[in-house]
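Please treat every number below as a calculation from the coordinates, not as lab data. Here the structure is a predicted model, which is why all the values come from computation and not from measurement. Please note: Cβ atoms are built from the backbone with ideal geometry, for glycine as well, and neighbour counts cover all protein chains shown.
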Amino acid sequence: MGMTATVKIKVCRFNPNKDKEPHYEIYEVPYVKGMSARNALDYIRDNIDGSLAYYISCRIGKCLGCVANINGKNGLLCTTPLQPDMTLEPIKNRQIIKDLATIPDKSSL
Amino acid sequence: MDKIKTDVLVVGSEGAGARVAIEAKKLGAETLIVTEGVIGRCGATVTADMDIDVCSLHAKEMFDLPGDPKDTPLSFMYDMVTEGKFMNNQKIVWIHVNEAGPRVKELVDWGMKVEGLIRSPGHKFPRGIISTGRSMVEALKGEVKRLGIEIVEETIITDLLTDHGRIAGVVGLSIRDGEFKLFQSKAVVLATGGAMRIYPRTTAPEELTGDGIAQAYRIGAELVDMEFPMFLPACIVWPPGMLGVDLPYISSTVLHGWWLNKYGERFMEKWDHKRMEDTTRDVASIAQMMEILEGRGGPHGGIFISYRHLSQEMVDYSAEWQPWWRNYRYGNFDLKEYGFDLKDHGFEAAPASHYWNGGIRIDEKSATNIPGLYATGEIIGGNMGANRLSGNAVTECVVWGARAGKYAAEYAKKTSPPEIDTKQVENGRKRVNAPMERKEGVKPAELREGIQTLALTYVGPVRHGTGIEKALSEIEQMKTKNLPNVYVTAKETVYNTEWVRALQVESMLQVLEIVARSSLMRKESRGAMYRRDYPKTDNKNWLKNIIVRKEGSKMKLMTRPIVVTKIKPPPRKMVPYWVPG
């Protein structure tokens with residue numbers, strides 16, 4: 001893809017089965033204009049750390065399943081453009097399954 | 001290990017799956033939904049922006065919309081069967097056209113909003129009830145909750161279990177807790193959608209990897225019309241954040257872009273010089289793919305869509321008056337943020353896998369040839385034939401969802417609980433755990449990409465016998481060398497999506513092989529399948545369906561006569577694949 005530039009992003013990691021509290025990891029990912037935050041997470045999962053957890057289904061802004069806290073605001077991982085020094089955290093006030101994966105309020109469970 | 005017992009187990013929770021569960025529960029069957037995602041947050045239904053087909057007469061009588069009373073179920077059926085190029089099972093279609101109205105009306109009763117009625121291409125009358133996928137899934141979800149139907153979310157089913165030939169249950173992996181799960185059920189209904197994800201460019205969500213199709217095939221269910229995956233032309237290939245977004249296609253009806261190859265040629269001239277870019281979507285897909293395959297595409301494997309022939313004001317004005325891309329926002333994407341300025345830069349776009357015409361063969365009860373196994377929604381074959389009319393996929397979910405729910409519940413009532421074969425369960429567990437236990441090998445992402453590249457290059461919108469044979473030999477290599485070595489890099493069991501992908505690649509490869517073999521067998525071009533080496537429609541020899549079934553360890557392909565009841569097939573002779581407009 002001819003990608004030369006990279007960006008660093010900060011991702012909140014938390015496994016309730018192992019960790020006492022959440023911590024942050026910084027990842028360096030290849031960057032081209034027009035990548036989404038979701039693209040960066042896919043890159044990390046497929047190339048750096050396969051255990052990174054997040055929910056993706058439609059990846060075009062319609063299912064609303066990938067809602068997360070992005071730079072302090074709630075947004076969708078799939079439609080938010082990737083930016084340098086982005087911080088990705090789980091959406092607040094939800095039970096965290098792992099990392100950015102949470103149980104939605106309206107879930108049956 | 002816990003064993004969960006139920007009467008009717010539904011795999012899938014959206015348009016089709018939720019509708020099955022509602023019907024089965026209302027008929028008194030103990031009903032359980034198992035879904036890979038979260039209800040209302042997964043599946044293809046929610047992605048539809050949507051016209052839902054009903055007979056235009058019913059649109060007038062049942063919905064008080066400006067439907068045309070001249071339309072009849074038979075006329076609706078005629079359009080489906082001619083669009084499906086006579087591959088449709090007409091017994092199935094007749095039920096579909098008659099039950100569409102009442103089933104869609106129920107959705108409205110449950111809260112789905114209706115915004116109007118349109119006539120889409122291919123329909124003689126206005127049959128498309130306008131709503132949104134979101135509105136539909138919320139209505140269904142409300143009804144599922146109201147009835148107290150139990151749901152197991154974020155659980156991927158990996159194998160179907162049998163008891164002396166009849167269905168006995170399913171096994172799978174709970175993504176949330178990383179544990180292997182066993183479900184015993186008298187009846188199982190598959191509502192897991194198509195296999196669009198075998199292609200790298202698709203409008204479909206992540207989980208549509210054909211798992212249900214592959215699992216049903218493995219226990220001997222018959223598949224039909226698997227050579228007809230449908231493509232939507234002009235979906236975005238670049239930038240990566242918007243891969244597969246259908247905006248250039250959708251906008252082509254209101255803002256007429258020119259489709260150009262890398263030499264700047266408006267290549268539709270060669271294909272359909274009258275209609276140009278307004279040609280039908282199958283021809284559009286073939287034309288775009290030919291440019292790409294013959295090296296006249298762009299740097300990211302698409303063709304260019306340019307708006308430079310229009311004034312800047314016109315382009316801006318379009319984004320002003322068109323509500324669905326107002327201020328250059330489409331869905332939740334802000335086009336400007338993604339680097340698009342359509343006055344200067346067009347789209348790089350290509351055909352994307354959009355719908356699965358073929359699938360599991362069903363009868364009028366939505367039953368498969370395996371006792372107790374039902375299938376519904378996009379996963380079924382026979383309803384749409386070789387190509388689907390616009391707006392009919394969502395109708396298919398509710399018509400056949402309700403049917404599958406009814407007959408699965410009736411079957412469960414009169415049948416005794418099946419025995420669980422522990423050997424099958426242990427085999428299922430081994431299969432799930434294998435990629436986790438391997439310490440090295442092939443990454444799921446690597447094999448997934450290999451499968452998708454192969455599918456697009458040789459078994460996509462444009463095929464050729466030599467290419468399909470090449471694909472089959474590479475598939476064989478992947479099956480023997482790569483698939484048995486797929487491994488998960490991180491051994492964390494909770495919410496490991498790489499593990500999920502490792503389980504999906506087997507289904508993807510299996511489905512790709514079935515599509516390739518069916519395509520090689522059909523020596524003609526018809527509907528959604530175009531072969532360069534057989535570019536005509538052969539009504540003399542090929543007015544028949546290809547059925548695929550597993551016998552022992554072998555894949556058996558056979559032909560069966562098409563099922564005709566009301567619409568007479570065309571004369572038995574060779575005809576052009578399409579006539580330029």
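What shape does the protein assembly as shown have by the C-alpha gyration tensor, where a ≥ b ≥ c are the square roots of the eigenvalues, rounded means a/c under 1.5, and otherwise prolate means a/b greater than b/c and oblate the rest? Each step should come with its number before you reach the end.
Values: a/c = 1.30, a/b = 1.03, b/c = 1.25.
Because its axes are fairly even, with a/c under 1.5, the protein assembly as shown counts as rounded.
If you count, for every residue in B:485-497, the Cβ atoms of partner chains within 10 Å of its Cβ, what is the mean?
Mean partner shielding for this stretch: 5.
Cα gyration tensor of segment A:6-103, axes a ≥ b ≥ c as square roots of the eigenvalues: rounded (a/c below 1.5), prolate (a/b > b/c) or oblate?
Verdict is oblate for segment A:6-103.
Taking the Cα centroid of segment A:58-109 and of segment B:236-259, what is the distance between the two, rounded to the nearest whole Å?
Here the two parts' Cα centres lie 26 Å apart.
Return the Rg/Rh ratio of segment B:1-141 with Cα-based radii and a Kirkwood Rh.
Dividing the radius of gyration by the Kirkwood radius yields 1.02.
Counting only helical runs of four or more DSSP H residues, what would the 222 nm mean residue ellipticity of chain B come to if each run contributes -39,500 (n - 2.57) and the total is spread over all its residues?
Estimated from H runs of four or more residues: -10500 deg cm²/dmol.
How crowded by other chains is B:168-175, given as the mean number of beta carbons from other chains within 10 Å of each beta carbon?
For this peptide, the per-residue mean of nearby foreign Cβ atoms is 1.
Using a simple charge model, +1 on the beta-carbon of Lys and Arg, -1 on the beta-carbon of Asp and Glu, nothing else, what dipole does chain B show about its Cα centre, in debye to the nearest 20?
For chain B, the charge dipole is close to 1820 debye.
Could you list which residues have their amide H under 5 Å from that of B:CYS235, counting only those 5 or more apart in sequence or on another chain, with H placed in the peptide plane?
B:ALA350, B:ALA352
With labels modelled as points extended 7 Å from the Cα through the Cβ direction, what inter-label distance (nm, one decimal) is found for B:GLU265 paired with B:LYS479?
Label-label distance for B:GLU265 and B:LYS479, simple model: 3.9 nm.
Hey, for a label at B:THR253 modelled as a point 7 Å past Cα toward Cβ, could you say which residues of segment B:111-146 have their backbone N under 13 Å away?
The answer is B:116-123, B:126-131.
At 7 Å along the Cα-to-beta-carbon direction for both B:LEU147 and B:LYS5, put a label point, then send me their distance in nm to one decimal.
2.3 nm
Listed highest first by mean packing, meaning other Cβ atoms within 10 Å per residue, what order do B:78-88, B:31-41, B:446-456, B:475-485 come in?
Peptide ranking by packing, descending: B:31-41, B:78-88, B:446-456, B:475-485.
Determine the gain in length on full extension of the stretch B:MET574-B:ASP341; use 0.36 nm per residue of separation and subtract their C-alpha separation, reporting nm with one decimal.
Working it through step by step, the gained length comes to 79.2 nm.
Could you work out how much longer the chain between B:ASP64 and B:ASN433 gets when fully extended? Use 0.36 nm per residue separation minus the Cα distance between them, nm to one decimal.
Answer, rounded to one decimal: 127.4 nm.
Just check chain B against the gyration tensor rule for me: Cα atoms, a ≥ b ≥ c as the square roots of the eigenvalues, rounded for a/c under 1.5, and otherwise prolate or oblate depending on whether a/b exceeds b/c.
Since a/c stays below 1.5, the shape of chain B is classed as rounded.
log₁₀ I(q)/I(0) of segment B:422-557 at q = 0.11 Å⁻¹, via Debye over equal Cα point scatterers, no solvent, to two decimals?
Log10 I(q)/I(0), no solvent term: -0.49.
Given the pairs B:LYS145/B:LYS181; B:LYS439/B:LYS479; B:LYS145/B:LYS413; A:LYS92/B:LYS25, which span a C-alpha to C-alpha distance of over 27 angstrom in this model?
Distance filter (> 27 Å) returns A:LYS92/B:LYS25.
Along the charge dipole of segment B:229-347, Cβ charges K/R +1 and D/E -1, which of B:LEU310, B:PRO248, B:PRO233 sits furthest on the positive end?
It is B:PRO233, whose Cα lies furthest towards the positive end.
May I ask you to evaluate 6.51 cos²θ - 1.76 cosθ + 1.60, the Karplus curve with θ = phi - 60°, for each residue of segment B:382-392 and list the ³J(HN,Hα) values in order in whole Hz, giving x for glycine and proline?
Along segment B:382-392, the couplings run x, 7, 8, x, 8, 6, 10, 6, 4, x, 9 Hz.
Along the charge dipole of segment B:83-225, which of B:LEU140, B:LEU190, B:ILE130 sits closest to the positive end, that is, farthest toward it, with unit charges on the beta carbon of Lys, Arg, Asp and Glu (+1, +1, -1, -1)?
Among B:LEU140, B:LEU190, B:ILE130, the one farthest towards the positive end of the dipole of segment B:83-225 is B:ILE130.
Compare A:ASP49, A:ASP19, A:ASP99 in a GNM of chain A, Cα atoms joined below 10 Å, and give the one with the largest fluctuation.
A:ASP19
Taking the Cα centre of segment B:229-347 as origin, work out the dipole magnitude from +1 charges on Lys and Arg Cβ and -1 charges on Asp and Glu Cβ, in debye rounded to 20.
Dipole magnitude for segment B:229-347 comes out near 120 debye.
In segment B:266-288, which residues have a backbone nitrogen under 14 Å from the label point lying 7 Å from B:HIS309's Cα in the Cα-to-Cβ direction?
From segment B:266-288, the list is B:266-279.
Taking the Cβ of B:ALA409 as the centre, find all other residues whose Cβ is under 12 Å away and add up their charges (Lys, Arg: +1; Asp, Glu: -1).
Summing Lys and Arg as +1 and Asp and Glu as -1 gives +4.
Picking from B:TYR78, B:ALA59, B:ILE118, whose Cα lies most toward the positive end of the charge dipole for segment B:1-132 (charges on Cβ: Lys, Arg +1; Asp, Glu -1)?
B:TYR78
In whole Å, what are the extents of segment B:269-352 along the principal axes defined by its C-alpha atoms, from largest to smallest?
35, 28, 22
Quick one: of the DSSP bridges fully inside chain B, what percent are antiparallel, nearest 5?
Taking every DSSP beta bridge with both residues in chain B, the antiparallel ones total about 70 percent.
Counting only other chains, and only Cβ atoms inside 10 Å, what mean value do you get across the residues of B:42-48?
The shielding value for this peptide is 4.
So if each residue of separation counts as 0.36 nm, and I subtract the Cα-Cα distance between B:GLU449 and B:HIS273, what length gain in nm does that give?
My answer for the length gained is 59.7 nm.
Using the beta-carbon distance between B:MET558 and A:GLN95 and R0 = 60 Å, what value does 1/(1 + (r/R0)^6) give for FRET efficiency, to the nearest 0.05?
Values: r = 51 Å, r/R0 = 0.85.
Rounded to the nearest 0.05, the efficiency is 0.70.
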